[in-house]
Amino acid sequence: MMGDVKPDVCVVGLGYIGLPTAAIIARAGCKVLGLDVSQHVVDTINRGEIHIEEVDLDGLVHGVVQRGLLRASTEIAPSDVFVIAVPTPFAKDGHHTPDISYVLAAATQVAAVLKAGDTVILESTSPVGTTDQMRDLMAGLRPDLKFPGKTKETPDVSIAYCPERVLPGRILEELTNNDRSIGGITPRCARKALAFYKRFVRGTCVTTDARSAEMTKLVENAYRDVNIAFANELSMVADKMGLDVWEVIRLANRHPRVNILQPGPGVGGHCIAVDPWFIVAGAPDETPLIRTARNVNDGKMHHVVAKASALVEAHPGVKVACLGLAFKANIDDFRESPARYVAASLARKFGARINVVEPYAGELPREFEGTGAVQIDLDTALEECGVLIVLVDHDVFKVIPLAERSGKVVYDTRGIWPDQPGVDVAAAGLRLAS
Ligand SMILES: NC(=O)c1ccc[n+]([C@@H]2O[C@H](COP(=O)([O-])OP(=O)(O)OC[C@H]3O[C@@H](n4cnc5c(N)ncnc54)[C@H](O)[C@@H]3O)[C@@H](O)[C@H]2O)c1
């Protein structure tokens, strides 16, 4: 395109979102500086390697680093567009309060090198009002620049919020093809951000205001959480009544307007298990449903621990394999994982009887230390373990044929083996007290 000057881009935070985003922007021909506080992350990327597991990311990062389009650093430098993708965890107050300090720290760094004409985009999942707070912080630090919403004149910089809705394991494809909501502090800011995303997004980009875009992201994950909570609650009801929840859901879903999701061992990850609380924090009195859904999904983890414990106790001396630690299938992300919580709880209770199979983990997480539980490979588990507890629906587990599972006692929290003959729950002493 004549006259199309590609902007220099700085991506702040090179994790599961920031690194793939930086690599895709670099692939579109922009010079990208990736900023991270971790020297290890920076060194790894500058060697053309990656520190996270994501399909096809290694080749892409290697290529753009080699072509000089992506460089990582711990030091920020002037750019034309800044994309912030740092963590937004809970504060350590035990009340699920959002902690936006990483966002504000990133904004402080950006403010130091900001110049007229720049665009700042926040991608971190954030409570409503965070983009405004970020703007206020930067405006305070840079009184020499005019900020959107703070001046009647044309502002010097544009600020927008653009949430990410990618699925780990399909991040590169979804970064490119998903529709995006782009919320500007002003419509002009939204247009500036839109022009930037159009360089590498093929999905439809819909512009809105920053607060609506912030809320949209939270609502998407709260919607998922509430619907999963319904399935998880059903699974606990089914356990109490001695019913097969998978069969009940399969039959109910034959209704043309019913589509119940699948239960699991709880809800994990740093999105669905976290983001609904950001809505609750903003409107505590108006969110009984969202809060209850969170509690139901957390409660399912404890239910699984209780049911699995009963199963292990009912088979003294039999070796147990917990299949999976990740928070969802086919990824190496163990943050906020119910599978990890369940396996570690069983390890603490039953020690060396517990074996963990997790093809995506090099070693067991720290909480397994001193429990006696060990990591084994899948073949060994199938040879040596008489009790299998399915916690993650990794493809490698799904394809285990019935012949290799027959004769084993199975607790399949994900419903990956519909052909598994049912465990005689009552005979195994598994009927739970509550
Ligand atoms: N991972 C997902 O699937 C996903 C999906 C949608 C939205 N999000 C949201 O995206 C945001 C980032 O999530 P993530 O999974 O990529 O996190 P992550 O923990 O994988 O990566 C964040 C990176 O930011 C770095 N960092 C922290 N503070 C920094 C600072 N001040 N300057 C520079 N770097 C800094 C960390 O070292 C880390 O490498 C979060 O708000 C998350 O909720 C994540």
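The values are calculated or read from the model by the stated rules, or taken from the named source; none is laboratory data. Quantities reported herein were computed from a predicted structural model and do not represent experimental measurements. Note: ideal-geometry Cβ built from the backbone for every residue, glycine included; neighbour counts use all protein chains shown.
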| query | Is at least one residue of the stretch 89-101 within 22 Å of Ile17 (Cα to Cα), near the ligand (Cβ under 9 Å from one of its atoms) and part of a loop (DSSP other than H, G, I, E, B)? | reply | yes
| Selected residue [touching a His at 6+ places or on another chain (Cβ under 6 Å) and either buried (at least 18 other Cβ atoms within 10 Å of the Cβ) or at positive phi (or both)] from Val392, Val387 | Val387
| remark: In the set His302, His255, the lone residue that is touching a Ser or Thr at 6+ places or on another chain (Cβ under 9 Å) and surrounded by fewer than 22 Cβ atoms within 10 Å (Cβ to Cβ) is His302
| request: Collect the residues in the stretch 30-59 that are of a type in the set (Gly, Ala, Ser) and closer than 21 Å to Glu164 by Cα, keeping them in residue-number order. | output: Gly34
| said: away from the ligand (no atom under 16 Å from the Cβ) and either surrounded by 15 or more Cβ atoms within 10 Å (Cβ to Cβ) or in a loop (DSSP other than H, G, I, E, B) (or both): is that true of Val41 in this structure? | reply: no
| query | When you go through Asp209, Asp275 one by one, which is the residue that is in contact with a helix residue (DSSP H, G or I) (Cβ under 6 Å, 6 or more places away or on another chain) and within 30 Å of Arg188 (Cβ to Cβ)? | reply | Asp275
| field | Candidates Gly203, Gly184, Gly242 - the one that is modelled with pLDDT of 95 or more, surrounded by fewer than 16 Cβ atoms within 10 Å (Cβ to Cβ) and in contact with a helix residue (DSSP H, G or I) (Cβ under 9 Å, 6 or more places away or on another chain) | value | Gly203
| field | When residues of the stretch 113-156 are limited to those that are under 19 Å from Gly13 (Cα atoms) and β-branched (Val, Ile, Thr), the one surrounded by the most Cβ atoms within 10 Å (Cβ to Cβ) | value | Val120
| Complete set of residues in the stretch 253-279 that are more than 19 Å from Pro87 (Cβ to Cβ) and either in a helix (DSSP H, G or I) or among the small types (Gly, Ala, Ser) (or both) | Gly264, Gly266
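Name the residues in the stretch 28-38 that are more than 10 Å from the ligand (Cβ to nearest atom) and surrounded by fewer than 19 Cβ atoms within 10 Å (Cβ to Cβ), would you?
Result: Ala28, Gly29, Lys31.
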| Cross-chain or 6+ apart pairs with Cβ under 9 Å, the stretch 201-213 first and charged (D, E, K, R), then surrounded by 14 or more Cβ atoms within 10 Å (Cβ to Cβ) and part of a strand (DSSP E or B) | Asp209/Tyr161; Asp209/Gly183; Asp209/Gly184; Arg211/Tyr161; Arg211/Gly183
| For Lys307, which of the numbered conditions (1) in a helix (DSSP H, G or I); (2) under 25 Å from Phe90 (Cα atoms); (3) touching an Asp or Glu at 6+ places or on another chain (Cβ under 9 Å) fails to hold? | (2)
| field | Number of positions in the stretch 44-54 that are in a loop (DSSP other than H, G, I, E, B), within 12 Å of the ligand (Cβ to nearest atom) and free of Cβ contacts under 8 Å to residues at least 40 places away in the same chain | value | 2
